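Have a look at the structure below, then the notes.
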Amino acid sequence: MKKLFALALLAATAIGAQAQDTEKKPDNKPVFTTVKEIPITSVKDQNRSGTCWDYSTLSFFEAEILKATGKEMDLCESFVANKTYMERAIQVVRLHGDLQFAQGGSAEDVLETLKRHGICPEDAMPFPGSLYGDSLNNFNEFFSLLEPYVAAISKSSAKKISNQWKVGFQGILDAYLGKCPEEFTYEGKKYTPKSFVETLGINLDDYVNITSYTHHPFYTTFAIEIQDNWRFPKSYNLPMDEMMRIIDNAIDKGYTVAWGGDVSEEGFTRQGVAYAIDTKATESLAGSDMARWLKLSSYKRKSIIDSLGCTVPEIVPTQEMRQERFDNWELTDDHGMLIYGLAKDQNGREYYMVKNSWGETGDYKGIWYMTKAFIAANTMDYLVNKNAIPKDIRKKLGL
């Protein structure tokens, strides 16, 4: 009897499971097919540091080296951070504190470091976090020392300051990041950082910044008015469709793009996808209206968005929308990542393949799939090889 009962129970369970499967809603998780993928180096982890600009842009240059020479490099983020934070502090002091000193930066900081100081391999400096007993970067204590230090000097009431503040500041940088080597050995040969950068097979004059806003004329250059653009480098200003065409052409020609933009939107998920969500259409699909939608907690809104998955409605970004969101502070400069490919989901929607610097997190081990609409709506600017720009656009820009 016990055996018969067990068999009957097993059969009933199986029938119930089949019925449940039949009633189950279709899975809306995207299934990606790669259209074009550019070779890149491994995913890194910036951990608890505001250095996405550093990691993403060095990833970009590593991909440029890989394209030019076939050689895979691991360049040192700590070297770039050490040089950049000193130069930023000097600029803040020059302006008597009327400039923000912070962890963030831009792709231009990496390019300028390579031009002015050179670079070294990752293992020529201490591993991130190792000097203070951590396994990766942790800038909490580090910047709790740097920020008041710079503020004390830049806001000083003294009629004249000495250069000794730089000695102390450099000491803090070296204590937490490691000293930048004057000389090192790589693959049996001795280099300085400047001589090493000359061996990488890339031309540092080939790189330009691209953006798209209407408060400056198209086909001219201007310095984007954001706090981390403290060097005031200029970007070429293009209509949105041409800004996007450059990205597509770059991928088609085998180039990557060092992207900077806004990832604070609800459509950017920690699972590894990003959509430019059409909130009104999503409310309708969720059986809600605007008033009710806004009353939902962010967790419940996220759950609805997650359930829609790759069927979530997206906005059609416009030039006017980009400008309005920039001017009202919605479109912000949050994060830097590396665009390196193109993919499609099961519905034919196109996504850029994007390398992040949060370690192998999310469903795709550190890779994000960001729709073209998301990138068009949320790009602040990006760094790209000028040879990746279509000829007709280069002509308009005089490149």
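The values are calculated or read from the model by the stated rules, or taken from the named source; none is laboratory data. Only a predicted model underlies this, so the values are computations on that prediction, with no experimental measurement involved. Virtual Cβ from ideal backbone geometry, glycine too; neighbours counted across all protein chains shown.
Considering (1) of a type in the set (Gly, Ala, Ser); (2) farther than 17 Å from Phe101 by Cα; (3) touching a Gly at 6+ places or on another chain (Cβ under 8 Å), say which one Ala151 fails and leave the rest.
Condition (2) is where Ala151 drops out.
Mind checking which residues of the range 100-128 are assigned to a loop (DSSP other than H, G, I, E, B), within 21 Å of Gly336 (Cα to Cα) and either over 21 Å from the mean Cα position of the chain (by Cα) or among the polar types (S, T, N, Q) (or both)?
Taking the range 100-128 and keeping what is assigned to a loop (DSSP other than H, G, I, E, B), we get 100-106, 117-120, 125-128.
From what's left, within 21 Å of Gly336 (Cα to Cα): 100-106, 119, 128.
Passing the criteria: Gln100, Gln103, Ser106.
Out of all the residues in the range 27-40, is one or more buried (at least 20 other Cβ atoms within 10 Å of the Cβ), of a type outside the set (S, T, N, Q), within 19 Å of Leu136 (Cβ to Cβ) and at pLDDT 95 or above?
Within the range 27-40, none of the residues are buried (at least 20 other Cβ atoms within 10 Å of the Cβ), of a type outside the set (S, T, N, Q), within 19 Å of Leu136 (Cβ to Cβ) and at pLDDT 95 or above.
Could you name every one of the strands (runs of 3 or more DSSP E) located completely within the range 349-399 that has at least 3 residues being among the aliphatic types (A, V, I, L, M)?
Details: elements: 350-355, 367-371, 379-385.
Once the strands (runs of 3 or more DSSP E) in the range 349-399 are filtered for at least 3 residues that are among the aliphatic types (A, V, I, L, M), what remains is 379-385.
Provide a single number: the residues in the range 200-225 that are surrounded by fewer than 21 Cβ atoms within 10 Å (Cβ to Cβ), touching a residue at least 12 places away in the same chain (Cβ under 8 Å) and assigned to a loop (DSSP other than H, G, I, E, B).
11
Output yes when any residue across the range 189-199 is surrounded by 18 or more Cβ atoms within 10 Å (Cβ to Cβ), touching a residue at least 40 places away in the same chain (Cβ under 8 Å), in contact with a Leu (Cβ under 8 Å, 6 or more places away or on another chain) and under 30 Å from Gln319 (Cα atoms), and no when none is.
No: the range 189-199 contains no residue that is surrounded by 18 or more Cβ atoms within 10 Å (Cβ to Cβ), touching a residue at least 40 places away in the same chain (Cβ under 8 Å), in contact with a Leu (Cβ under 8 Å, 6 or more places away or on another chain) and under 30 Å from Gln319 (Cα atoms).
Quick one: in the range 47-93, of everything that is of a type in the set (Phe, Trp, Tyr) and out of contact with any Gly (no Cβ under 7 Å at 6 or more places or on another chain), which residue is surrounded by the most Cβ atoms within 10 Å (Cβ to Cβ)?
Among those residues, the one meeting the criterion is Phe60.
Could you list all residues from the range 318-329 that are touching a residue at least 24 places away in the same chain (Cβ under 8 Å) and surrounded by fewer than 21 Cβ atoms within 10 Å (Cβ to Cβ)? Reasoning before the result, please.
Going through the range 318-329, the residues touching a residue at least 24 places away in the same chain (Cβ under 8 Å) turn out to be 318-323, 325-327.
Result: Thr318, Gln319, Glu320, Met321, Gln323, Arg325, Asp327.
How many of the residues in the range 161-195 are among the charged types (D, E, K, R) and either within 28 Å of the chain's Cα centre (by Cα) or closer than 22 Å to Pro128 by Cβ (or both)?
As a first pass, look at the range 161-195 and keep what is among the charged types (D, E, K, R): 166, 174, 179, 182-183, 187, 189-190, 194.
Still in the running and either within 28 Å of the chain's Cα centre (by Cα) or closer than 22 Å to Pro128 by Cβ (or both): 174, 179, 182-183, 194.
Going through the range 161-195 one residue at a time, the tally reaches 5.
Scan the range 62-99 for residues that are in a loop (DSSP other than H, G, I, E, B) and either charged (D, E, K, R) or in contact with a Leu (Cβ under 9 Å, 6 or more places away or on another chain) (or both) and jot them down.
Here is the first cut: in the range 62-99, the ones in a loop (DSSP other than H, G, I, E, B) are 70-74, 76, 95-99.
Within the range 62-99, Lys71, Glu72, Met73, Asp74, Cys76, Asp98 meet the criteria.
Which residues, taken from the range 225-253, are within 22 Å of Asp54 (Cα to Cα) and of a type outside the set (Phe, Trp, Tyr)? Even if it seems obvious, please write down each step before you answer.
Of the range 225-253, the ones within 22 Å of Asp54 (Cα to Cα) are 225-236, 247, 250-251.
Answer for the range 225-253, where residues must be within 22 Å of Asp54 (Cα to Cα) and of a type outside the set (Phe, Trp, Tyr): Glu225, Ile226, Gln227, Asp228, Asn229, Arg231, Pro233, Lys234, Ser235, Ile247, Ala250, Ile251.
List the number of the failed condition for Tyr186; all other conditions in (1) in contact with a strand residue (DSSP E or B) (Cβ under 9 Å, 6 or more places away or on another chain); (2) buried (at least 20 other Cβ atoms within 10 Å of the Cβ) hold.
It fails just one condition, (2).
Are there any pairs with C-beta distances below 8 angstrom linking a residue in the range 164-177 that is in contact (Cβ under 8 Å) with a residue 40 or more places away in the chain and within 18 Å of Asn137 (Cα to Cα) to a residue that is in a helix (DSSP H, G or I) and among the polar types (S, T, N, Q), with the two at least 6 apart or on different chains, and if so which?
As it stands, the answer is Leu173/Asn82; Asp174/Asn82; Leu177/Ser78; Leu177/Asn82, since those pairs meet every condition given.
Do we find that Glu242 is outside any strand (DSSP E or B), among the acidic types (Asp, Glu) and under 17 Å from Ser298 (Cα atoms) in this structure?
No, not satisfied.
For the range 242-254, does any single residue satisfy the condition of being free of Cβ contacts under 8 Å to residues at least 40 places away in the same chain, under 18 Å from Arg349 (Cα atoms) and among the aliphatic types (A, V, I, L, M)? Talk me through it step by step, then tell me what you get.
Kept after step one, since they are free of Cβ contacts under 8 Å to residues at least 40 places away in the same chain, are these residues of the range 242-254: none.
No, the range 242-254 has no match at all.
Within the set of pairs 6+ apart or on separate chains, which have a first residue in the range 100-127 that is under 15 Å from Cys180 (Cα atoms) and in contact (Cβ under 8 Å) with a residue 12 or more places away in the chain, a second that is surrounded by fewer than 23 Cβ atoms within 10 Å (Cβ to Cβ) and of a type in the set (Asp, Glu), and C-beta atoms under 9 Å apart?
So the pair list comes out as Thr113/Glu87; Arg116/Glu87; Gly118/Glu198; Pro121/Asp74; Glu122/Asp74; Asp123/Asp74.
With (1) in contact with a helix residue (DSSP H, G or I) (Cβ under 7 Å, 6 or more places away or on another chain); (2) in a helix (DSSP H, G or I); (3) modelled with pLDDT under 95 as the list, and Ala291 as the residue in question, which single condition is left unmet?
Evaluating Ala291 over (1) in contact with a helix residue (DSSP H, G or I) (Cβ under 7 Å, 6 or more places away or on another chain); (2) in a helix (DSSP H, G or I); (3) modelled with pLDDT under 95 leaves (1) as the failure.
Is there a residue being out of contact with any strand residue (DSSP E or B) (no Cβ under 6 Å at 6 or more places or on another chain) and modelled with pLDDT under 95 anywhere in the range 255-262?
Residues of the range 255-262 out of contact with any strand residue (DSSP E or B) (no Cβ under 6 Å at 6 or more places or on another chain): 262.
From the residues that got through so far, the ones that are modelled with pLDDT under 95 too are none.
No: the range 255-262 contains no residue that is out of contact with any strand residue (DSSP E or B) (no Cβ under 6 Å at 6 or more places or on another chain) and modelled with pLDDT under 95.
Which of (1) under 23 Å from the mean Cα position of the chain (by Cα); (2) in a loop (DSSP other than H, G, I, E, B) does Phe142 not meet, given it meets every other one?
(2)
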